[in-house]
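Notes follow once the structure below has been shown.
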Amino acid sequence: MYYLKPTIKAEPLIWRWYAWPHLISPATAACNIVERHLKIMQSYVQNPKIHAQAVKDPKMLGGPFIDLDGKKTNEIKALINDTKQNCKVLIALCAALKELDKISHLSVAA
């Protein structure tokens, strides 16, 4: 017989990110992937030391930082590539939604 200790938590993932309601609907998932996940990962790859410092600062608690102590940039680069490949339809949807938003603002202003 096998069992898990009572201290074990199971948290589902979607595209290797914590599953939360904003990743269920295609529109919100698309926007979160582009505007949140990819931006955070690209920021980390560009300057992992800033992320390492930010997660130690209580004033930055809950901010858009990756807590990997400035390490594993190659893994994050791979995750960026995987995300772009696996979510390309959602990334295109985000671009289309942005274009639609521009068009709707233009028609309101006219």
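Ranked by the mean number of other Cβ atoms within 10 Å of their residues, highest first, the peptides 5-17, 67-79 come out as 67-79, 5-17. For I14 and R36, the difference between the fully extended length at 0.36 nm per residue and the C-alpha to C-alpha distance is 6.5 nm.
Sorting the segments 81-93, 52-64 by their residues' average number of neighbouring beta-carbon atoms within 10 angstrom, most packed first, yields 81-93, 52-64. Rounded to two decimals, the Cα-based Rg/Rh of the chain, with Kirkwood Rh, is 1.09. Cross-link reach is defined here as a Cα-Cα straight distance under 16 Å, omitting same-chain residues fewer than 8 places apart; for K49 the aspartates and glutamates meeting it are D57, D67, D69, E75.
Rounded if a/c is under 1.5, else prolate if a/b is larger than b/c, else oblate: which is the stretch 1-66, with a ≥ b ≥ c the root eigenvalues of its Cα gyration tensor?
It is oblate, given that a/c is not under 1.5 and a/b is not larger than b/c.
Straight Cα distances below 25 angstrom link K88 to the lysines K39, K72, K77, K98, K102, with same-chain residues fewer than 8 positions distant left out.
Laboratory data are not the source of any read-out in this text; all were calculated from the coordinates shown. Treat the numbers as computed from the prediction; the structure is a model and nothing was measured. For neighbour counting, all protein chains shown are included, and Cβ atoms are generated from backbone atoms with ideal geometry for every residue, glycine included.
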